[in-house]
Amino acid sequence: RSTLFPYTTLFRSSIVFMMKKQVFMWLSIAMFALFVIWTILVKTVDVDVVSYNGTKLGFYHLNYRFGDLVTEFNKFAFMRTVSDILLYSAIAYSVVLVAIPVVQLIKYKTFKKVSTIFYFLGGAYFLIAFIYLFFELVKVNYAPDALKPSYPSSHVFIGCSLLLLNSYVLLKFLTIKLDIFKTMIHLSTVVLSLLLVLTRMLAVKHWLTDIIASVILTLAVYFLFIGMNR
């Protein structure tokens, strides 16, 4: 029994590890499927013509009621600036993080010594860029204030994705053991992500349905990244 115990423990740990990986992969698939379903609904449910630019908009009454609620007294115009600052901060976060594998490559002079998680992070960045460019070409609907693609909100999708992915990588790379430091990083990431979503909603640069789509897509990419890393 004593001889088999370590192997039994290892086997059980491996099973738990694989189950956790599968959970995140299935969550990612579910989020991507939900995004597709949501996109179909946006193109088919309560579609009407936007009077001032002649484009069609799904969930017409929902979007307009929310827009009217926010813009009634024009209190939240400054939210556009706040959302821009949050997006640029997330991009700066990425630039700082990317410096780590660059330093590793310069130091060791071989790609083999670069931490594997940064290769996955690079792949995630590529996926984010691909999705952004795809919806720049495939226009689901247009912004409330201009004839430019609005679905999904690039501010929310790119900003929140970068915040979540970068924080996950930072915690894994630094192998932080202090619970209070981990909690601070987790909490700040969640707060900044929610703040980005909220400010973009109140800025009325996108329809409400665009923001919802971005949140779903962000979770899909994030869960995929965690699943792949496990």
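If you count only protein heavy atoms and use a 1.4 Å probe, how large is the accessible surface of Phe76, to the nearest 10 Å²?
60
Compute the signed sum of charges (Lys and Arg +1, Asp and Glu -1) over the other residues within less than 12 Å, Cβ to Cβ, of Asn141. It would help to have the intermediate numbers written out before the result.
Details: positive: Lys43, Lys56, Lys139, Lys148; negative: Asp48, Asp210.
Taking every other residue near Asn141 into account, the sum is +2.
At 0.36 nm per residue, minus the direct Cα-Cα distance, what do Phe126 and Ile180 gain on full extension? Give it in nm, one decimal, please. Mind showing how you got there, number by number?
Numbers: separation 54, 0.36 × 54 = 19.44 nm, distance 3.22 nm.
Additional length available on full extension: 16.2 nm.
Ignoring ligands, DNA and RNA, what percent of the accessible area of segment 145-230 is carbon or sulfur (1.4 Å)? Mind dumping the intermediate values first?
Details: 2680 of 3560 Å².
Carbon and sulfur together cover 75 percent of it.
Assuming R0 = 41 Å, what is the FRET efficiency of Phe173 and Ala33, from their Cβ-Cβ distance, to the nearest 0.05?
E between Phe173 and Ala33, to the nearest 0.05, is 0.85.
Beyond a 23 Å Cα-Cα separation, which of these cross-linked pairs lie in this structure: Lys113/Lys182; Lys109/Lys182; Lys139/Lys205; Lys56/Lys205?
With Cα atoms farther than 23 Å apart: Lys113/Lys182; Lys109/Lys182.
Highest first, please rank the peptides 158-169, 33-44, 190-201 by the mean number of other Cβ atoms sitting within 10 Å of their residues. Don't skip to the answer; put the middle values down first.
Working: 158-169: 23.8, 33-44: 15.1, 190-201: 19.1.
Per-residue Cβ counts within 10 Å, averaged per peptide and sorted highest first, yield 158-169, 190-201, 33-44.
Run the accessible area of segment 21-88 with a 1.4 Å probe and give the carbon-and-sulfur part as a rounded percent.
On the way: 3080 of 4470 Å².
Carbon and sulfur together cover 69 percent of it.
Just the number please: accessible area per residue for the chain, 1.4 Å probe, all protein chains included, in Å².
Values: 13710 Å² over 230 residues.
I get 60 Å² per residue for the chain.
In what order, largest first, do Ile211, Ile91 sit by accessible area if the probe radius is 1.4 Å? Before the final figure, lay out the partial values.
Working: Ile211 5, Ile91 75 Å².
The residues order as Ile91, Ile211, largest area first.
Rank-order 62-71, 215-224, 48-57, 145-154 by packing density, defined as the average count of other C-beta atoms within 10 Å over each peptide's residues, highest first.
215-224, 145-154, 62-71, 48-57
Taking 30 Å as R0, compute the FRET efficiency from the Cβ-Cβ separation of Asp46 and Phe111 and round it to 0.05.
Numbers: r = 52 Å, r/R0 = 1.72.
Efficiency, rounded to the nearest 0.05: 0.05.
The values are calculated or read from the model by the stated rules, or taken from the named source; none is laboratory data. Owing to the predicted nature of the structure, the values given are computational and were not obtained by experimental measurement. Please note: Cβ atoms are built from the backbone with ideal geometry, for glycine as well, and neighbour counts cover all protein chains shown. All accessible areas refer to the heavy atoms of the entire protein, side chains included, with ligands and DNA or RNA removed. Shrake-Rupley method; radii C 1.70, N 1.55, O 1.52, S 1.80 Å.
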